[in-house]
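The values are calculated or read from the model by the stated rules, or taken from the named source; none is laboratory data. Bear in mind that the values here come from a model prediction, so they are computed numbers and not experimental data. Note that each Cβ is placed from the backbone with ideal geometry, even for glycine, and that neighbours are counted across all protein chains shown.
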Amino acid sequence: MSSSHVLSCDDLREVTGYQRAADIERCLVEQGVKVFRGRLGPWTTIDLINQAGGLTPQAQNDQDYDASIL
């Protein structure tokens, strides 16, 4: 599965420790994570969490490299 794996409201409940959807969303937004509002509550992706933490995706193969590696 790709690193853009979707994290559901239930996943986020487990990660944040909050039970209410509004609390989960507030917690993530305060940390700079882009959150989407779905019918079953807030959701995001692992890529968006990593991005908020300052991580960038690693190249998947040689075609993803550019001149900056030289």
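Yes or no, residue by residue, for (1) out of contact with any Leu (no Cβ under 9 Å at 6 or more places or on another chain); (2) among the hydroxyl-bearing types (S, T, Y); (3) farther than 23 Å from G54 by Cβ:
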position: H5; (1), (2), (3): yes, no, no
position: D10; (1), (2), (3): no, no, yes
position: D23; (1), (2), (3): yes, no, yes
position: L28; (1), (2), (3): no, no, no
position: Q31; (1), (2), (3): yes, no, no
position: K34; (1), (2), (3): no, no, no
position: R37; (1), (2), (3): yes, no, yes
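Being part of a loop (DSSP other than H, G, I, E, B) and among the charged types (D, E, K, R) is the filter here; which residues of region 33-59 pass it? So that I can check it myself, show each step before the final result.
First pass over region 33-59, keeping only residues part of a loop (DSSP other than H, G, I, E, B): 33-35, 39-40, 53-59.
Hits for region 33-59 are K34, R39.
If you go through region 12-32, how many residues are part of a helix (DSSP H, G or I) and modelled with pLDDT of 95 or more?
Within region 12-32, residues that are part of a helix (DSSP H, G or I) and modelled with pLDDT of 95 or more number 14.
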Those residues of region 22-51 which are surrounded by 12 or more Cβ atoms within 10 Å (Cβ to Cβ) and basic (K, R) amount to R26, K34
